[in-house]
Every structure is written in structure tokens, then in C-alpha cells.
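Each reported figure results from applying straightforward, stated rules to the coordinates on display, with no laboratory input. As the structure is a prediction and not an experimental result, all values here were calculated from the model. Cβ: placed from backbone, ideal geometry, glycine included. Neighbour counts: every protein chain shown.
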Amino acid sequence: MTRFRLIGNNGFTTEDYPEPEVWAGVLARAGLTEFEYFADHLEPILFGRVIRRESEFLQATRAAIAANGLSVWSGATARISYLLNMLNHPYADMREEALEWCKAFIDLTVKLGGRYISGHYDCMSKRDLAENFEEAIRRMIDGLVRASEYAAEKGLEAIFLEQMHRPQLQPNTIERAHFILDQINARSAVPVYFHLDLGHAAPVFDDPTHGPRDKDPYAWMAEAFGENRMVLVHAQQCDRDASRHWPFTPEYNAGGLIDARRSIEALASSGVREAVIALEVLYPRGTLIETIEPDIVVSAAYWREAFEALGYVAGEDGCYEKPKTAREGP
């Protein structure tokens, strides 16, 4: 029986509101107690000295997290790690630097108390996509295996690898997700679990191998990956044309692709032991926090109401489960 966890993501503001008390207050007022820490808030290499020295900004971040009754569930790679050619870069020296970025990102996550890292870790070159696809995949797998060794050394429990929305970002089909995860987990020092973004399935238009099942977010949710112990889901309202990262408000739900109840049922049908729903609602730069906060609050309530409508009850650990009698049936 699948257990569900509802968490936040503080990617809804970075450069507009770098003050940690701002996003921490929004998450707390939405009733969320765990969240993914978006690495754009404290870029692991650029601001590495702040992390290593545990100086003013890191201390302020920790204080805001504690004051608002929050804890970091995972470090989220955010934008930079898939805007650059990282772990599958065609040049070995650049791959080594990408691995150093992953290590610094792990260090940041550990210092903030996170147990996992989540997201994506590279972008394939156009030449590799056309001429050297399998080798580029192998390089990415090798890089993640090495990152897993550092994660194990630092005490992380697992890594989550995100499915993406174009062929340069792998995996982007169900078949390749199985292959890549299986290949990594045959050698990794910590488990590497599947990370699904609900807006990354439908709007893939430039990959002939991306078929109807790959375009269906519910097909991804119903799929069992590997040992199927955990899955992380970036929950966003979207349509078939783009990864929108819209909130789950009545306005967007009316025309959106994602229904919370149907999503919960699809995930449960996969048999996964624990499904973590992370609200990844994002906004254009310059959006006022007064606009953002009500949407985050409503989005969190929308998912809680869906769990309750399906008979799930929140336990002391914050996870939603069906009571034993409901699981056993008459």
C-alpha cells in the first residue's frame, strides 16, 4: 500500500526574494513542514565559501527554516544543472568539474539537514544527440555512479533522477528511464530513484521515439521503476503544450491536465511504497510575493483535500495512508 508525503519547494522565488524568511513563511502558512531546497538560492560553487564557512546567509537560512517549523527534505538542483553540459559533457575535464558541482551540492544539502538530492544533472550536446547518443548516456550514468559514492560518504539516503522534456535531457521516455535507472542502480552506492515532473511528459514534440504513453503523465505515474520503493513527483498544473508550473487553483484546474485524485490513484496503482508529492509552482521573475502566497496555500489545500476524499489520513510522521481497515476491506 502506497504512503504519500506532501512537501513544498522554495523555487517560487529566488532573486526577487532572497531573504529566507520570505519563502519560509509562505511554506509554513501553506501548512507544509518539509520542502525541497532550490539550489538557485545558494548556488553551491559560486557561493561555496558561504556554505563552507557557514557564514551569515547560511545561518539566516537555517534560522528561518527552524523558526517556521520546516525541515529540508531534499536539495533540488534547480536550473543551472540542466542548462549546462554537465555529467555527460564531451570533454573529460569538464565532466570532472561537473562532478565537483554535484559534490558541492551534496555538501549544501547535508549542511541544511536534507536526506536526498533531487533533480537533473546534465544536458547532452546536439552532436552527441545525433551521433553519439549511447556514449553520452554512458557518461551520464558513470557520473551519477560517482556522485552516488560521494552521497553515501556524506550520509545521504538516495538520489532522485528527474525525467525531462526534451531529448537532450535524459531520460525523457519510459523505456529509457527504466534503462538508465537500472544501469545506475547496478553500480550505485546509494539508491537512485525515479523523479517525475508532471509537466514534462506531454509537451515533447522533437523526439520521434517519444510515443503516446510517454506523453501521458498518468502512464508515467502508474509505472513501477526498479524496486519501486520511492518516487518523487514534481506536482504542477500544466497543459499539453508546455511545462507551465501553474498553481492548483480553480482557475488553472478548470483547463489543466493534472487532477490530484486521479494522480494519487495512478501512483497507488504502481505499487510504489512511498510517493512524495512536491509542489513545484513557479512564477515569472518579478512576480510579487502577495500574488504567489495565496496560490501556494490553495495548491497545498487542493492536494490535502484530494487525499482526504480518497480516504487517506495523515499520520504523526506527516505521511498520508489509508487506515488498516480501509486497506483490508470488508
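Structural remarks
- Shape category assigned to the chain from the gyration tensor of Cα positions, a/c cut at 1.5: rounded
- Extension gain from ALA92 to VAL22, taking 0.36 nm per residue of separation minus the Cα-Cα distance: 21.2 nm
- GLU134-ASP241 FRET efficiency (beta carbon distance; Förster radius 30 Å; 0.05 resolution): 0.45
- For segment 236-330, applying the loop criterion from DSSP together with a ceiling of 13 other beta carbons within 10 Å to the trypsin sites (Lys or Arg not before Pro) yields ARG240, ARG273, ARG285.
- Extension gain for the segment ALA224 to ARG29, taken as residue separation times 0.36 nm less the Cα-Cα distance, is 66.8 nm to one decimal.
- Estimated FRET transfer efficiency (ARG261, ARG53; beta-carbon r; R0 41 Å; 0.05): 0.30
- With K and R counted +1 and D and E -1, the other residues having a Cβ less than 10 Å from that of ALA78 yield a net charge of -2.
- Ascending count of other beta-carbon atoms within 10 Å, so fewest first, for ASP182, ASP241, ASP122: ASP241, ASP182, ASP122
- Of all lysines in the structure, those lying under 28 Å Cα to Cα from LYS103, and not within fewer than 8 positions of it along the same chain, are LYS111, LYS126, LYS154.
- Summing Lys and Arg as +1 and Asp and Glu as -1 over all other residues whose Cβ lies under 10 Å from the Cβ of ALA104 gives a net charge of -1.
- Taking Cα centre as origin and charging only the Cβ of basic (Lys, Arg, +1) and acidic (Asp, Glu, -1) residues, the dipole magnitude of the chain rounds to 500 debye.
- Extension gain from ASP207 to LEU84, taking 0.36 nm per residue of separation minus the Cα-Cα distance: 42.3 nm
- Positive-end residue, segment 3-328 charge dipole about Cα centroid, Cβ charges, pick of THR287, PHE225, HIS165: PHE225
- Net charge of Cβ neighbours under 9 Å - reference ILE174; Lys, Arg +1; Asp, Glu -1: -1
- Mean residue ellipticity, 222 nm, helices only, the chain: the sum of -39500 (n - 2.57) across DSSP H runs of n ≥ 4, divided by residue count and rounded to 500, is -12500 deg cm²/dmol.
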